[in-house]
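Here's the structure, in structure tokens; my notes come after.
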Amino acid sequence: MTAPFVDFESVWLAYSDELLARGQFAVEDISLQADEGAFIAIVGPSGCGKSTFMKLTTGLRMPSRGAIRIAGAPVTGPLKISGMAFQAPSLLPWRTTLDNVLLPLEIVEPYRSQGKSRRGEFRDRAARLLATVGLAGYEDKFPWQLSGGMQQRASICRALIHEPKMLLLDEPFGALDAFTREELWCTLRDLHAAQRFNVILVTHDLRESVFLADTVYVMSRGPGRIVVRREIDLPRPRDLEITYSAAFTDIVHELRGHIGALRRPAGAAQ
């Protein structure tokens, strides 16, 4: 059998040696596996350790206990094979849309040292990527000339320009209106279907997680543990009409019930 692309084996994290000595962990006993090309979502109440999980996955934090392997290799530091997008697009205001998308190629090797010789190729790649998310014709616009949804589309292109094997998304659509958010769900769905990179999505939006993911993991209140693993057995490709179906809403209600139970104080009435 092929080894999983993402493999967490009983991972614990304390944010300092002092907290470790006192047995105070941010996340504890996290074990999960995801095959190559899989789309997983992490949901849970605020403060449950979702963002900590992302830091562990990218190698920005090393576990206090346990082991993490990505693409078959142990994580020992920041990963070069991943791209990231956050709730705030964080585009540089003095760079055009195209130049913002190109930024990782100026930083990540081997692209950085190839920048001069492959400049035209890289710019063509960025333009094609922008076209796939509906931003053809906006290459020379500055961030302040783009809507919030357009900025987030450009941010996702920037995360994908170096063709990473894994895309990590931390509440990427949380600041957008409902209509724009759903449009970007479809954009991400299509990019994933076309390129089959792995995706790890952290979100508070249960509808978003069910629409996009193959598997949804529910984390407990801190210290964060995975308490529910829910396979999303809805057929692909999914369009927005499925969000009105009974099968879809049943899964959302099921997940909401798990999170509601986590939010109730111990001993509280049901």
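Where a number appears in this text, it was derived from the coordinates with a stated rule and is not lab data. Keep in mind the model is a prediction, meaning the values are calculated, not measured. Using ideal geometry, Cβ is built from the backbone for each residue, glycine included, and neighbour counts are taken over all protein chains shown.
Within the range 67-91, track down each residue that is surrounded by fewer than 17 Cβ atoms within 10 Å (Cβ to Cβ) and either in contact with a helix residue (DSSP H, G or I) (Cβ under 8 Å, 6 or more places away or on another chain) or in a strand (DSSP E or B) (or both). Those that are surrounded by fewer than 17 Cβ atoms within 10 Å (Cβ to Cβ) and either in contact with a helix residue (DSSP H, G or I) (Cβ under 8 Å, 6 or more places away or on another chain) or in a strand (DSSP E or B) (or both): Ala67, Arg69, Ala73, Pro74, Pro78, Ser90.
Scanning the range 33-64 for residues that are charged (D, E, K, R) and touching a residue at least 60 places away in the same chain (Cβ under 8 Å), we see that the one that is farthest from Glu208 (Cα to Cα) is Glu36.
Note on the range 11-59: among residues that are closer than 24 Å to Ala261 by Cβ and among the small types (Gly, Ala, Ser), the one that is farthest from the chain's Cα centre (by Cα) is Ala26.
Among the residues of the range 171-207, those identified as aliphatic (A, V, I, L, M), over 18 Å from Glu241 (Cα atoms) and within 13 Å of the chain's Cα centre (by Cα) are Val199, Ile200, Leu201, Val202. Residues that are buried (at least 16 other Cβ atoms within 10 Å of the Cβ) and among the aromatic types (Phe, Trp, Tyr) were ranked within the range 15-42; the one that is farthest from Pro172 (Cα to Cα) is Phe25. Within the range 111-127, the set of residues being under 11 Å from His162 (Cβ atoms) and either without any contact (Cβ under 8 Å) to a residue 12 or more places away in the chain or among the acidic types (Asp, Glu) (or both) comprises just one member, Arg112.
Answer with yes or no whether Gly134 is touching a residue at least 40 places away in the same chain (Cβ under 8 Å) and farther than 12 Å from Asn100 by Cα.
yes
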